[in-house]
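Report on one structure; see the data block that follows.
The values are calculated or read from the model by the stated rules, or taken from the named source; none is laboratory data. Just so it is clear, the model here is predicted, and its values are computed rather than measured. Cβ placement follows ideal geometry from the backbone for every residue including glycine, while neighbour counts extend to all protein chains displayed. Ligands, DNA and RNA are stripped out before the accessible areas are found, and what is left, the full protein with its side chains, is counted by its heavy atoms. Shrake-Rupley method; radii C 1.70, N 1.55, O 1.52, S 1.80 Å.
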There are 2 protein chains.
Amino acid sequence: MLESLLVLGSTMPDLSVFQYSAVDNIFSMTVATMGAAAIFLFLSRSQVDPEYRPALAISGLVVTIACYHYFMIRHSWNDAYMLSDGGYVGTGAAFNDFYRYADWILTVPLLMVELVAVLRLQAAKATSLLTRLVIAAALMIALGYPGEVISDPEGWGTRVAWGVASSVPFFYILYVLWVELTKSLETQPPAARTLIEVCRLVLLITWAVYPIAYALGGTPEALAAKAGGEVGAGGVVGLQIGYAIADMAAKAGFGVLIYFIARAKSGKSVVPGATGEPVMAPA
Amino acid sequence: MLESLLVLGSTMPDLSVFQYSAVDNIFSMTVATMGAAAIFLFLSRSQVDPEYRPALAISGLVVTIACYHYFMIRHSWNDAYMLSDGGYVGTGAAFNDFYRYADWILTVPLLMVELVAVLRLQAAKATSLLTRLVIAAALMIALGYPGEVISDPEGWGTRVAWGVASSVPFFYILYVLWVELTKSLETQPPAARTLIEVCRLVLLITWAVYPIAYALGGTPEALAAKAGGEVGAGGVVGLQIGYAIADMAAKAGFGVLIYFIARAKSGKSVVPGATGEPVMAPA
């Protein structure tokens, strides 16, 4: 059982130069996007009131962690393939999908923290909310992974069972966030309200990608193809590009939204900065 | 169609040591220039009034992203060639031109943001202006790429069609920026006016390089040479050096101009610096 948890992707389908390069390039662009977002979020702490700086720091951490993982994912992709006869064939080295799960284990709970931090709910409420969200996020990822790595066509039922189990905390998180974001609208300044409504939508749309990708990657046909060493090239390419774009939106895009919410809620007065300098509130 | 989008440059012309090194060296110099500009722009945030700091942060991001991409472009250049018989011949690995497009996708919209941010227009006006500029920039790049990668001599007409389509948003952006910069002159302090006039000129001159390079790289002769596996060595070398110099001027040079404009508009009063020491406002 444990042995099978990390061998996902050891059979890589042959790819055309275009297919290989499309994935390679989207990984590189994701590294650039996440890294730039991290610098922006860290620098922008001084542009918001001190109480919103932790939210920006955490948002910066999320994209920093993602930048590192996409750098490693890209390396793993390069190692898994070699050029041969005008196309790309597997080298035998496994493409390490665990980087993405390691990333999610670290960043999904932090995404919950950055969102709750920027809403500035009452302390007791924030603690209770965060506890529930972080536990649910950990469960969601832990329950999804054993299903993700099943490559035996006989295991389709088991994969569906893990997927369903993982969906329970997934939908619980989306439900809690939707309800809480909607409730918080009343207490937010008007300038922040529209942004929080956008936030709700971005969450819903970007998060929807993950279960869809999970389901498409594990149909009985996909598993049978995997077992026969014929993983569909189109499926692999589509899955990797889809995850990368969803990650850019759900992490870098979401972080920039958190910055705009923090800006909209800041600036009612001149506040002293974290390092001792007076920071003018943005106009 | 899609298949052809990334194989540009897979046939690399033989180069002399001088030609290979000229491109290699200009890439290295661009990495150094962009990296230095990034550090300067990030550090200089504390030298300007707080409302101009986002403009410098964004300018710093642009050159950081460009620094990363030129580092990768240089690696790809090294991978695409090997020394043989006192000259350089292709290894079969494609020189990855997509890095440059990935760079433009990320940085051209940010260049619009840094310019609008330093002008400090009214909020409603800035939002409308930015929306139009960012959409036009995305269209310009998206429409240019399919033409850029056409290497079939029969495709010359199609390439021209993509080029013309891409030119519409290109000239729209230049027109809007020229008109807005000219209009903004009235509301800017005298010290900033000359700088903004320089800015207009720098934009016009550096941006002019891109369509010229695009046109020269796609003449029927150039396409025929490419199809016959005889990409003109002079063309490749000239194109890469031209793009690198234009990128240095349009990103690092432009960023430094943004800094001078921010300085000229700052400093109505003495502002304490980020590290606690009083920083004299620039005259």
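Counting only DSSP beta bridges whose two residues both lie in chain A, roughly 100 percent are antiparallel. In order along region A:237-245, phi translates into HN-Hα couplings of 5, x, 4, 5, 5, x, 4, 5, 5 Hz, rounded to whole numbers, per the Karplus curve 6.51 cos²θ - 1.76 cosθ + 1.60 with θ = phi - 60° and x for Gly and Pro. This model, with +1 at the C-beta of Lys and Arg and -1 at the C-beta of Asp and Glu, gives chain A a dipole about its Cα centre of some 1300 debye. Other residues within the sphere of radius under 10 Å centred on the Cβ of B:L181, judged by their own Cβ, net out at 0 (K and R +1, D and E -1). Remark: accessible area buried at the B-A interface is about 2300 Å², both chains counted, probe radius 1.4 Å. Dividing the convex hull volume of the alpha-carbon atoms in region A:2-265 by its residue count gives 111 Å³ per residue. Identify, among B:G86, B:A36, B:S76, the residue whose Cα sits farthest towards the positive end of the charge dipole of region B:23-98, taking +1 on the Cβ of Lys and Arg and -1 on the Cβ of Asp and Glu, with the dipole about the Cα centre. Positive-end residue among those listed: B:A36.
Run the accessible area of chain A with a 1.4 Å probe and give the carbon-and-sulfur part as a rounded percent.
Details: 8300 of 11960 Å².
In chain A, the share of accessible area belonging to carbon and sulfur is 69 percent.
Over the protein assembly as shown, average the accessible area per residue using a 1.4 Å probe and give it in Å², no decimals.
Numbers: 24030 Å² over 566 residues.
Each residue of the protein assembly as shown exposes 42 Å² on average to a 1.4 Å probe.
Is the shape of region B:68-172 rounded, prolate or oblate, going by the alpha carbon gyration tensor and its root eigenvalues a ≥ b ≥ c, with a/c under 1.5 for rounded and a/b larger than b/c for prolate? Judged from the Cα gyration tensor, region B:68-172 comes out oblate (a/c at least 1.5, b/c at or above a/b).
Only Cα pairs under 8 Å and 6+ residues apart enter the sum, and on that basis the relative contact order of region A:2-265 stands at 28 percent. 3J(HN,Hα) along region A:195-210: 4, 6, 5, 5, 3, 4, 5, 4, 4, 4, 6, 5, 5, 4, 4, 5 Hz, from the Karplus curve 6.51 cos²θ - 1.76 cosθ + 1.60 with θ = phi - 60°, whole Hz, x for Gly and Pro.
Since only B:Y101, B:A117, A:L239 are under comparison, the one whose Cα sits farthest along the positive direction of the charge dipole of the protein assembly as shown, derived from C-beta charges on Lys, Arg, Asp and Glu, is B:A117.
Only lysine pairs 8 or more places apart or on separate chains count here, and in the protein assembly as shown those with Cα atoms under 25 Å apart total 20.
How would region A:169-226 be classified by its alpha-carbon gyration tensor: rounded, prolate or oblate, with rounded meaning a/c under 1.5 and the a/b versus b/c comparison settling the rest? Cα axes put region A:169-226 in the prolate bin. Distance between the pseudo-spin-label points of A:E51 and A:E186 (7 Å out from Cα toward the beta carbon): 1.9 nm. Most tightly packed first, judged by the mean number of other beta-carbon atoms within 10 Å of their residues, the peptides A:62-72, B:181-191, A:162-172, B:204-214 read A:62-72, A:162-172, B:204-214, B:181-191. With the simple spin-label model, which puts each label point 7 Å out from Cα in the Cβ direction, the B:L83 to B:N25 separation comes to 1.6 nm.
What separates the A:K125 label point from its copies, with the point 7 Å along Cα to Cβ, is 4.0 nm, written shortest first.
Where only DSSP H runs of four or more residues are counted, chain A gives -24000 deg cm²/dmol as its mean residue ellipticity at 222 nm, each run worth -39500 (n - 2.57). Between region B:89-135 and region A:139-202, the C-alpha centres lie 32 angstrom from each other. Evaluate the Debye formula for the protein assembly as shown with equal point scatterers sitting on the alpha carbons, no solvent, and hand back log10 of I(q)/I(0) at q = 0.11 Å⁻¹, in q order, two decimals. For the protein assembly as shown, the Cα-only Debye profile gives -1.12.
Within region B:39-118, none of the trypsin sites (Lys or Arg not before Pro) combine a DSSP coil assignment with at most 16 other C-beta atoms in a 10 angstrom radius.
Quick check on packing: order A:126-133, A:140-147 by the mean number of other C-beta atoms within 10 Å, highest mean leading. Let's see the in-between values first.
Working: A:126-133: 15.4, A:140-147: 20.0.
With the highest mean Cβ count within 10 Å placed first, the list reads A:140-147, A:126-133.
Counting charges near A:M112 (Lys, Arg +1; Asp, Glu -1) among other residues having Cβ under 12 Å from its Cβ returns a value of -1.
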